[in-house]
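What follows is calculated from the coordinates using simple rules that are stated; it is not laboratory data. In this text the structure is predicted, and so the values were computed from the model without any measurement. For neighbour counting, all protein chains shown are included, and Cβ atoms are generated from backbone atoms with ideal geometry for every residue, glycine included.
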Amino acid sequence: MHRTRPIFLLILLALDSAANAGEIRVEVRDPKGAPVADAVASLTPLDAAPAVQPPAEPVAVLQEGEEFRPHVTPVVVGTRVTFPNRDAVQHHVFSVSRAKKFDLPLYRGEPREPVLFDQPGVVSLGCNIHDWMSAYIVVLATPHFARSGDDGVALIISVPPGRHRLEVWHPRVKATLTREVTVEGAGSATQVIALTLGVDRRVRRAPEAAGSGYK
Ligand SMILES: [Cu+2]
């Protein structure tokens, strides 16, 4: 009887890992411990290729109040993104990034076609009219990712058990931070990540009512 017990337990564990997925709570902080928003944390399984299924509906990156919202948008490869302009003024959205080059000449409202992001990488967005407008689309080859909020927390849910490569990217960090983590079936584990942010190179927004001629 005693001999069968470990086998029984092993089977239970195997069933458990197939049925359950864990979550990884990534806490992103600067060296002083302050929370860092707009970091993208992703987990790539090391022992099996992740199943990647882009969302059926396009993801939206708005132009509102002459800013992109959100500033950072992580998506899985194959995702289509629309760029609705909610402002009364026209915008001209473009990217010259290697992962996706595109150009949406001056428009109001919604552009006719979404843009397909079919290569992993970081895509830096700009507006030809408003120099201060900047945003990023982070195209990932794994479906397990999250962006950190104002509390610095990126919660990655439904992660299959096993070894993963955790990567953390931020617009103000030159190199993506990488570490290996193991997800233990159901349950939550926390990873604390310290990021040293570089200089904020964003163009300062022009004062309101400056009469730029573009309004
Ligand atoms: Cu603009």
Give, rounded to the nearest 20 debye, the magnitude of the charge dipole that the chain has about its Cα centre when Lys and Arg contribute +1 at Cβ and Asp and Glu contribute -1 at Cβ.
420 debye
Cα pair distances in the range 53-141, grouped into 5 Å bins until the bin that holds the longest one, percent each:
3, 16, 28, 27, 17, 7, 1, 0
How high is the relative contact order of the range 53-141? Use alpha-carbon pairs under 8 Å, at least six apart in sequence, and give a whole percent.
32 percent
Could you give the angle, 0 to 90 degrees to the nearest 10, between helix 4-19's Cα long axis and the longest principal axis of the Cα atoms of the chain?
10 degrees
Summing +1 for each Lys or Arg and -1 for each Asp or Glu, what net charge is found among the other residues whose Cβ lies under 14 Å from the Cβ of Asp200?
+4
Can you give the net charge of the other residues whose Cβ lies under 11 Å from the Cβ of Thr176, counting K and R as +1 and D and E as -1?
+2
Sort largest first and round to whole Å: the equivalent ellipsoid semi-axes of the chain, each the square root of five times a Cα gyration tensor eigenvalue.
40, 20, 13
